[in-house]
Structures are given as structure tokens and as C-alpha cells.
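Coordinate-derived values only; no laboratory data. All figures in this text were calculated on a predicted structure; none of them were measured in a lab. Heads up, the Cβs are rebuilt from the backbone with ideal geometry, glycines too, and the neighbour counts pull from every protein chain shown.
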Amino acid sequence: MRQFKTLSDVKAEGDEGYVKAVFSTFNVIDHDKDVTLPGAFEEGAPVRISAFNHSSNRGQVLPVGKGVIETDATKAMLVGQFFMNTTGGRDTFETVKQLGPLGEWSYGYDVLEEEKGEFGEEKASVNFLKSLKVHEASPVLLGAGIGTQTLVAKGLDLETLDWENPEDIVKAINETITTCTFEDQLKLMSAWLQVVNKRDADARRTGKDASEADRDAVDTLESEFVRLRDRFVQPSVRTEIRKAQRTLARASMMLSSAHQEEEE
């Protein structure tokens, strides 16, 4: 029988649709008198992200994302990506992000292995969940979980980066390179190049010239930009040329046909 377990005080962290949320804590009695044990979840198992309140699980709306399960000694987490090219995915991500501390998560599961027993010094009668099959995770309005970890929700914000701190830049690139949009990656690159140009200008004002290694690096960078430009600019030019060639070819055929008719 499909079951659901809801956790309170859970938020997500995200960059352009990336989400990470704690959905279960281990060795804690929840409000259903269940104790989930470490190892109950399959590490790396795929999970659907449902729209709010399990509505996708009920067949009411399409799923809004997908992810995998990650665990450590104390908790299980959903690590995934909202479908940002769909209205449902974008709306759900923005809602989760804006809810902040009010955000909560729930998950739907089947019990594969469980065992009745006693837990803690009080010897409370509980049901130990030893193996679960998680089908989906869903943001919800109200939760009842115990001891879940709160994470941070945010999108890629270039304004918050410390552009004078290379470590901050490297961290931003590493954290967003696979999750943010291509447009934002280009913005990140452009903003970083502005910082590089400023540093070079400051160095030149002090009489310091660029080294040979610096010049080689610029040449390499220029080559990469040429490749990028050709990928996005040149194809459109070639397309226009091909259109013009086809137009000329059709015009030539029409003139040739008209010329033949006149000779006849």
C-alpha cells in the first residue's frame, strides 16, 4: 500500500531549478510512531518531484522535476532539478524558494521491510522502517516531521558575488556550472572578464605590463570565444547566404524558362 510521510521545517537550496531538501531523518520517532533506520533508502535511487501536495502522484498534474536520493549517517536528501522549461516546474521552484522557512516536504513510499519493537530509554513501542521504496517527493503546505535539517533556497544572483575575491568566483562557478542556465553562465563569464579587465587596467597604471604567459592565456581565450561566436553567430549568416543562393537559383531557373519560351 502506498504511504506518505511529511516532514516539517524543510527548505530547499537551488540555483536555477536545482533543489536539495532533507526528506527523512534517522533514528527519530516521528508522529506516525515510525523510526526510519539508516540504510532504509537506496543511495542514488531515482525520484520524481511532484507538484504541491502530491498532486502529480494522484495523477492531477504532470511531475515538476526529478532527482536522486543521497544519504549520510543522520538523514536522507532529495537532490534534483526542477523542469525549468515547463510552467509547473518554474512555478513550483519559485514557490519553494519564496516560502523559505515555511517550506516543507513530503514523500510517497512503499514499505519493503519493517519490524515492530521498542525504542529509546522509554522503550516506546514503534515500527522500525528498515527498507523503503520512494516513488516521489513533494513540497507540501503542512508537515509533521521531527528533527529535519533546514537548507537554504536561492537562485543564481550575480549581485551577491564578491567579484574581488577569486575564491568566491571559483565557488560560484563550481556550484552553478551544471545547474544554472546557459545564459547565466555567459553572464557569469562576462562579469568575471570585466573584473579581469579592471585588474589589468589597474596593473598598467602602475607601470606593470602583461607577461608572455598572460598574452598566451589571452590568445587561448580569444580562440575559445571565436569558437563560441562561430557556433551562435555564423550559422545564422550561413543560413541567410543559403537563402539568398536558393532565391538566385530559382530566379535563374525562371529566367532560363522565360528565355526558352521566347525562343520558341
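Extending 7 Å from Cα along the Cβ direction at Phe225 and again at Thr86 yields two label points whose distance is 3.9 nm. Full extension of the chain segment joining Arg246 with Val111 gains 42.2 nm, where the gain is 0.36 nm per residue of separation less the Cα-Cα distance. Lysine pair count for segment 50-128 (Cα-Cα distance under 26 Å; residues 8 or more apart in sequence or on different chains): 5. A full extension of the chain between Ala45 and Lys130 corresponds to an added length of 29.0 nm, given 0.36 nm per residue minus the alpha carbon distance. Dividing the radius of gyration of the alpha carbons in segment 67-127 by their Kirkwood radius gives 1.13 for Rg/Rh.
Of Lys133, Lys116, Lys5, the sequence from fewest to most neighbouring Cβ atoms within 10 angstrom is Lys116, Lys133, Lys5. The share of alpha-carbon pairs in segment 3-140 lying farther apart than 28 Å comes to 17%.
Remark: the Ala210-Lys198 segment gains 3.0 nm on full extension, using 0.36 nm per residue and subtracting the alpha carbon distance.
Using the Cβ of Val61 as centre and a radius below 14 Å, the other residues enclosed give a net charge of +1, where K and R count +1 and D and E count -1.
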